[in-house]
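Note sheet for the following structure.
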Amino acid sequence: MDDSLSFESFLGGAKKAAHRAMDDHGRGEYDEFALHGGVAVERLAKAVLVSKNPVYLLEMRNGNPDMLLYLGGHLEMSADKVRTVGAKDSIKRLRTLGLLPPDPQLDLLIELRNGTAHSTVGDQAKILLPALAENIAALLKDIDLPEEGFWGRWTSAMNVAVDKQRSETERDVEIRIKQARHRFDDRFAGLPEGAKEKVLQVPRPTIGGLVAGPISITVGKDLLAMIATMPCPACGGQAKVNLAPINPSPTGADLMPNSLHCHLCALELSSPEEIRASGTNIQVTGLPASLAISWGRTLPAGFEFGETHAG
């Protein structure tokens, strides 16, 4: 039988496609995630079927009857005539064998991969990461392969994806942090040792000789927001955080961090709940109404301006 139909070939293809799927998901390319995620499940499913019996790869509908003898090892066939079972039927056979449970989310992933779902791929595929993690975990258990041996650096992220002890927001944020961290690390692949550390140590730009501090955004006397910095929970660099006023009064306002963006690793957190879920201890910061910020050289010689820190 052709080596491309071996257990090792299917397993290697599944692993490669699964890692691509995780990279796609981390970049927000959810249509590509559906494609590579579906390929990963199909190839791993076929690896499991081959491990039971190569004949289980036989395409039953409109298939070449000689394939039965070929898969049984008693007939030679040219590669262009070899056809095996598709993803949906592979999954169906594994469910019949009791190796996979019914899962509408997995079915949707395969439909999106095949282009048969009548919906926008990206919108639907974004939330299918747990389904990918759970079903691959079930198949790896059957072939007695540790998840670390399949997922590598993505193992912890996949464990988070199936952790029912965490809320959906906590799982989503933790996975995005891990994706951003890998994305940041990948930028320095092949560069001299210490390059990443030097980037993290670079100070923020200066304006007129002063280190740029928090920037307030106002309309008349009304404070709309303040932009400051805080350590990024993914890469450790200085991330931009937007502070929104709460409980405003004539004497000032309290500021609550409500979004975060890191230009180094591209991590985005878009609510106080997501910032809390990242493990950051966010605090309400008091801002007096009389505070003024200047970017020129007009500050008194003895004036010291400290950054506003959240967390």
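Computed over the Cα atoms of the range 1-92, what is the ratio Rg over Rh, Rh following Kirkwood? Intermediate values should be presented prior to the final figure.
Values: Rg = 14.4 Å, Rh = 13.8 Å.
A ratio of 1.04.
Write down, largest first, the equivalent ellipsoid semi-axes of the range 24-151 in whole Å, where each equals the square root of 5 times an eigenvalue of the alpha-carbon gyration tensor.
On the way: eigenvalues 151, 62, 33 Å².
Semi-axes from the Cα gyration tensor: 27, 18, 13 Å.
Report, please, the projected area of the range 142-182 averaged over directions, based on the convex hull of its C-alpha atoms, in nm².
Average of the hull's projected areas for the range 142-182 equals 3.2 nm².
In angstroms, what radius of gyration and Dmax does the range 86-204 have, counting Cα atoms only?
18.1, 60
Taking 7 Å along the Cα-to-C-beta vector as the label spot, tell me the Glu76-Asn62 distance in nanometres, rounded to one decimal.
3.0 nm
Cross-link partners among aspartates and glutamates for Lys92, C-alpha distance below 18 Å, same-chain residues fewer than 8 apart left out?
Counting by Cα, and skipping residues close in sequence, Lys92 has these aspartates and glutamates nearby: Glu42, Glu59, Asp103, Asp107, Glu111, Glu134, Asp142.
So who's got an amide H within less than 5 Å of the one on Ala225, skipping anything under 5 residues away but keeping other chains? H placed 1.01 Å off N, in plane.
It is Ile217, by chain and number.
What is the sum of charges around Thr155, taking Lys and Arg as +1, Asp and Glu as -1, for the other residues whose C-beta is under 11 Å from the C-beta of Thr155? All intermediate terms of the calculation are to be shown ahead of the outcome.
On the way: positive: Arg153, Lys178; negative: Glu147, Glu148.
It works out to a net charge of 0.
Quick one: what are the phi-derived ³J(HN,Hα) couplings along the range 18-33, Karplus 6.51/-1.76/1.60 with θ = phi - 60°, whole Hz, x for glycine and proline?
In residue order, the calculated couplings are 5, 5, 5, 4, 5, 4, 4, 5, x, 8, x, 8, 6, 5, 5, 4 Hz.
Work out from phi, with θ = phi - 60° and the Karplus expression 6.51 cos²θ - 1.76 cosθ + 1.60, the ³J(HN,Hα) of each residue of the range 41-52, listed in order in whole Hz, and give x for Gly and Pro.
5, 4, 5, 5, 4, 5, 4, 5, 4, 5, 5, 7
Beyond a 19 Å Cα-Cα separation, which of these cross-linked pairs lie in this structure: Lys16/Lys164; Lys15/Lys46; Lys46/Lys164?
Where the Cα-Cα span goes over 19 Å, the pairs concerned are Lys16/Lys164; Lys46/Lys164.
What is the sum of charges, Lys and Arg at +1 and Asp and Glu at -1, for the other residues whose Cβ falls under 13 Å from the Cβ of Lys178?
Residues near Lys178 contribute -2 overall.
Could you sort out which of Lys88/Lys196; Lys52/Lys178; Lys141/Lys240; Lys178/Lys198 sit more than 32 Å apart by Cα distance in this structure?
Beyond 32 Å: Lys88/Lys196; Lys52/Lys178; Lys141/Lys240.
Multiply the residue separation of Ala137 and Leu69 by 0.36 nm, subtract the distance between their alpha-carbon atoms, and state the gained length in nm to one decimal.
This chain segment gains 21.3 nm when fully extended.
Any read-out appearing in this document is the output of simple, stated calculations on the displayed coordinates, not a laboratory observation. Bear in mind that the values here come from a model prediction, so they are computed numbers and not experimental data. Here Cβ is always computed from backbone atoms with ideal geometry, including for glycine, and neighbour counts include all displayed protein chains.
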